[in-house]
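Heads up, the thing below is written out as structure tokens.
Each value in this text was obtained by applying a stated rule to the coordinates, not by laboratory testing. Just so you know, these numbers come straight off a predicted model, no measurement behind them. Don't worry about glycine lacking a Cβ; one is built from the backbone with ideal geometry, like all the others, and counts go over all protein chains shown.
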Amino acid sequence: MSNGKFIGPSAAACLAAAALGAAGPLPARAQSYTETVLHSFGGSDGSTPYGAVVLDKAGNLYGTTVKGGAANAGTIFKIAADGTFTTLYSFKGSSDGANPYGGPIKIGDYLYGTTYQGGALLKGVIYKLRISTGTLAVLHTFDWIDGVYPLGSLVADHAGNVFGAATHGGSTGDQCFGSQGCGTVFEYSASGTFRVLYSFNGPNGTFGADVATPASGLIVDSAGNLYGAAEHGPGATGGGAYVVQPNGDEQWLCGFPYSAVGAVTLDGRGDLFGSLQTGGGTGCGGAGCGSLYEITSADACGDLYNFPGGAQGDTPLAGMLLYHGIFYGTTSGNGKPNDPGTVFSYDPGGRRAPGTMTVLHRFTPASGDGAAPGGGTLARDKAGNLYGTTQSGGAMKGGTVYKLSPVSARPR
């Protein structure tokens with residue numbers, strides 16, 4: 001089993017930058033959106049969707065729910081372009097896994113993903129579902145040494161290799177949380193081989209201060225570097241962002257004063273962007289309402305925006321979608337009845353201009369709307385519609401799949 005070395009913080013400028021999003025119409029700097037609930041979960045069809053949905057070229061949506069289904073262990077679902085909802089698979093909660101927090105990724109006729117629990121060792125699995133037949137295969141069952149409890153979504157490279165992160169476990173298990181392990185980054189290759197790319201050392205690791213508990217999904221650039229965020233970092237109290245190179249070497253790029261659970265976003269300059277669920281001031285009971293951050297290619301870390309709470313939202317859990325220089329994301333409101341979450345856009349405004357935060361939608365569960373968007377990055381189609389999930393709310397109270405349409409867009 002392979003495991004790279006920890007090489008500490010170093011210049012991110014040496015890392016290859018990812019390309020910007022696919023071509024399409026430029027978004028307006030200030031645009032109105034209307035929301036449509038595509039599906040409201042009630043339990044037997046799943047409940048508590050947390051991760052992102054994936055959109056295929058035909059306009060079909062695929063996603064997961066953490067709970068609900070036949071065994072209350074979660075489901076995999078499809079919403080066809082015509083709006084038809086189908087439960088593709090209902091987890092049994094046994095060797096097939098249970099509680100998929102991360103959304104799936106689509107490769108051909110297959111969906112790939114992880115479950116947080118279940119499997120033969122009850123520590124999660126990597127699965128592959130054939131869409132056309134609904135047949136699920138377990139590709140890997142997690143054990144302590146290779147990581148346990150994967151939380152975020154997987155990511156695939158151009159060769160069909162799949163990568164992810166496990167929040168605990170690994171070969172440095174004595175360094176974190178009473179020997180629970182600091183987490184791992186892993187690969188499942190297109191040829192069917194599993195390997196650990198890196199085992200985290202943790203903030204007080206023997207091999208130097210490092211991040212721990214990588215809760216986010218990963219992104220991959222054109223050179224094969226993997227970027228993510230972790231709940232615990234080299235600082236005394238917060239999280240951190242990191243990169244794992246193709247040879248398994250790891251660098252932490254920035255330590256934060258608060259936990260980072262959402263995925264990071266990489267722009268064409270090589271700068272990283274993400275969110276912190278708390279901090280950014282003294283609002284929200286003194287802990288701060290959360291913030292957006294940037295890590296430049298020269299390793300400078302800084303806040304882009306501090307959420308004030310209230311109508312502007314608080315507690316961002318998800319990563320952000322970057323499209324033509326504008327970021328799109330969500331705040332969860334942390335489940336508070338008077339703050340059910342928002343969908344926002346953030347225009348950085350250039351290097352010398354102040355950024356602009358716009359609330360595109362504020363959830364109102366009393367009207368049958370969803371509440372508390374989770375950790376999934378928004379999806380976008382060519383018409384500019386945005387798609388996401390909420391963990392609760394909806395007509396059936398088990399969460400929703402929703403669409404936000406710019407007023408000029410054609411109906412789906």
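Springs between Cα atoms under 10 Å define the GNM used for the chain, and in it the highest mean-square fluctuation of 296, 114, 75 occurs at 296. Cross-link partners for residue 382 among the aspartates and glutamates, with Cα-Cα distance under 14 Å and sequence neighbours closer than 8 places in the same chain left out: 56. Computed from label points 7 Å out along Cα-Cβ, the spacing between residue 143 and residue 156 is 2.8 nm. Calculation over all alpha carbon pairs of the chain in 10 angstrom steps from 0 returns a P(r) of 5, 24, 35, 27, 8, 0 percent. Projected label points at residue 92 and residue 395, each 7 Å from Cα along the beta carbon direction, are separated by 3.3 nanometres. Inter-label distance, residue 120 to residue 191: 2.3 nm, where each label sits 7 Å from its Cα along the C-beta direction. The calculated Kirkwood hydrodynamic radius for segment 38-167 is 14.3 Å, given to one decimal from all distinct C-alpha pairs.
Please give the length that would be gained between residue 133 and residue 223 if that part of the chain were fully extended, namely 0.36 nm times their separation in residues minus their C-alpha to C-alpha distance (nm, one decimal). Don't skip to the answer; put the middle values down first.
On the way: separation 90, 0.36 × 90 = 32.40 nm, distance 3.46 nm.
Net length gain for the segment: 28.9 nm.
For the options 389, 133, 364, a Gaussian network treatment of the chain with springs between C-alpha atoms closer than 10 Å singles out 133 as fluctuating the most.
How much length, in nm to one decimal, is gained on full extension between residue 107 and residue 407, taken as 0.36 nm per residue of separation minus their Cα-Cα distance? Provide the component values of the computation, followed by the final result.
Working: separation 300, 0.36 × 300 = 108.00 nm, distance 3.19 nm.
My answer for the length gained is 104.8 nm.
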